[in-house]
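Asks: My questions all concern the structure below.
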Amino acid sequence: MGDPEILRSALEQEDFSRLVQVLKRANDSEEDLSELVKPEREGVLKLLGKGLAQTGSRDAAVIYLSKISARDDAFFLLVCKLLESGSVDLSSGAAEVISGVCSRRADACTTVPDWVPGRLVSLLEAEPARAGAWDRAREARAHAAEALGSLKFDGAIPALVAALGDPDLQVSAAASYALASMGDSGKVIEAMSRIASSKTPSPHSVTGALWVIGRIAQAVPEGPQQASLRGLTPVLLDMITESDDTEVQQLAANAMLQIDRVQAVSKISSLLKKDFGERRERVLRAVIAILARLSAAGYSCASDALRGFVARMASVPEASRPAAYDEAKFALEVMDVEGRP
């Protein structure tokens, strides 16, 4: 059990390990940690804050800051104030705690001071200390994006859209998840549409935007936003035929499926019958790979499209058949061996 005297002693001696032992013992005994630390809130925060600065103690510090914050709004407010400390370590830890607490306890978001989202946006927009290298500032930016997503702060949408193109994958991935969580999904759809339609987007922006479109399409009910998503179908179809990036092609196909499954398979299958000139082979290979994946997922109409393509190409002189014919034929053979329709 947690012992207030041992807790006080750990704080007086600034013994982080001993503090964690007290908190762990109390937690294992299913005690309310917020009640245990209430008389010593600021001391506990200060010592756990020191733990945030050390790699070996950071995880434990975040865990117990989060557990206490989840039950004690006053302590949570103190954690939020770490964002104003000027320390990257403390700001990063505070952002991570805010993200975790608000994602698990929606009512906690209502206790977050009005200035916090703006501070998180500033943290997200901060330049990394060293280009191409990992540092705590990059981690802080990712946690800031996560926290903004948990808070569903629509005012952060422009900053999160910009972060989609960040060269740091941790930051761009966190921005993607945050954008998919925003309350104003209509505004997010508009921003993702601009990226998808751009002729010169950054690679991370495109893949992030496509993932966000697919994620939002899964969640939004029928209505104006679904209509906006359907309007993206021609753009997504063009990405399948014009991109040389397999990931982009697959993500575009997945987004189409989330928007309208029946129409998506039909439109993707129709590409097998079109002439793309010099790009014919690349497009056919991309479409066959997508249809093979859809067939494996149980879309019989995708299998039918592959069978129809193979049947048509079988009647063409061998010298005139595209190399993609063999890939489609192999995909069907695999399906037949596995007993799929």
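Asks: Given the criterion closer than 20 Å to Leu123 by Cβ, surrounded by 16 or more Cβ atoms within 10 Å (Cβ to Cβ), touching a residue at least 24 places away in the same chain (Cβ under 8 Å) and touching an Asp or Glu at 6+ places or on another chain (Cβ under 8 Å), identify the matching residue among Leu82, Leu78, Leu11, Leu48. Reasoning before the result, please.
Replies: Numbers: Leu82 fails: touching an Asp or Glu at 6+ places or on another chain (Cβ under 8 Å); Leu11 fails: closer than 20 Å to Leu123 by Cβ; Leu48 fails: touching an Asp or Glu at 6+ places or on another chain (Cβ under 8 Å).
One residue alone meets the criteria, Leu78.
Asks: What residue, among those in segment 280-325 that are part of a helix (DSSP H, G or I) and among the aromatic types (Phe, Trp, Tyr), is modelled with the lowest pLDDT? Working first, answer last.
Replies: Of the residues in segment 280-325, the ones part of a helix (DSSP H, G or I) are 280-296, 300-314, 318-320, 324-325.
After this cut, where a residue has to be among the aromatic types (Phe, Trp, Tyr) as well, the list is 309, 325.
Details: Phe309: 92, Tyr325: 89.
Filtering first and then ranking leaves Tyr325.
Asks: Select from segment 61-75 the residues that are crowded, with 19+ Cβ neighbours inside 10 Å, among the hydrophobic types (A, V, I, L, M, F, W, C) and assigned to a helix (DSSP H, G or I) and list them in ascending order. Before you say what the answer is, go through the steps one by one.
Replies: Applying the first criterion (crowded, with 19+ Cβ neighbours inside 10 Å) to segment 61-75 yields 61-62, 64-70, 72, 75.
Next, from what is left, pick out any that are among the hydrophobic types (A, V, I, L, M, F, W, C): 61-62, 65, 68, 70, 75.
Within segment 61-75, Ala61, Val62, Leu65, Ile68, Phe75 meet the criteria.
Asks: Identify, from the list Val62, Val79, the residue that is within 31 Å of the chain's Cα centre (by Cα), within 27 Å of Asp166 (Cα to Cα) and of a type in the set (Val, Ile, Thr).
Replies: Working: Val79 fails: within 27 Å of Asp166 (Cα to Cα).
Checking each option against the conditions leaves just Val62.
Asks: Another question, if that's okay. Which of the numbered conditions does Gly165 fail, given that it passes all the others? Conditions: (1) surrounded by 15 or more Cβ atoms within 10 Å (Cβ to Cβ); (2) at pLDDT 95 or above.
Replies: Exception for Gly165: condition (2).
Asks: Return the only residue of Leu52, Leu36 being in contact with a Leu (Cβ under 7 Å, 6 or more places away or on another chain), modelled with pLDDT under 95 and over 27 Å from Arg119 (Cα atoms). I'd like the intermediate steps shown before the answer.
Replies: On the way: Leu52 fails: over 27 Å from Arg119 (Cα atoms).
Of Leu52, Leu36, the one residue that is in contact with a Leu (Cβ under 7 Å, 6 or more places away or on another chain), modelled with pLDDT under 95 and over 27 Å from Arg119 (Cα atoms) is Leu36.
Asks: For segment 142-174, give me the residue count where each residue is of a type outside the set (Val, Ile, Thr), in a helix (DSSP H, G or I) and free of Cβ contacts under 8 Å to residues at least 40 places away in the same chain. Write out each step before concluding.
Replies: Applying the first criterion (of a type outside the set (Val, Ile, Thr)) to segment 142-174 yields 142-156, 158-160, 162-170, 172-174.
Keeping just the survivors that are in a helix (DSSP H, G or I) gives 142-151, 154-156, 158-160, 162-164, 169-170, 172-174.
Among the residues that remain, those that are also free of Cβ contacts under 8 Å to residues at least 40 places away in the same chain are: 142, 145, 148, 154-156, 158-160, 162-163, 169-170, 172-174.
Of the residues in segment 142-174, 16 are of a type outside the set (Val, Ile, Thr), in a helix (DSSP H, G or I) and free of Cβ contacts under 8 Å to residues at least 40 places away in the same chain.
Asks: Given (1) closer than 25 Å to Glu139 by Cα; (2) without any contact (Cβ under 8 Å) to a residue 40 or more places away in the chain, where does Val88 come up short, assuming only one miss?
Replies: Of (1) closer than 25 Å to Glu139 by Cα; (2) without any contact (Cβ under 8 Å) to a residue 40 or more places away in the chain, only one is false for Val88: (2).
The values are calculated or read from the model by the stated rules, or taken from the named source; none is laboratory data. None of these values were measured; they are calculated from a predicted model. Neighbour counts run over all protein chains shown; Cβ positions are idealised from the backbone, glycine included.
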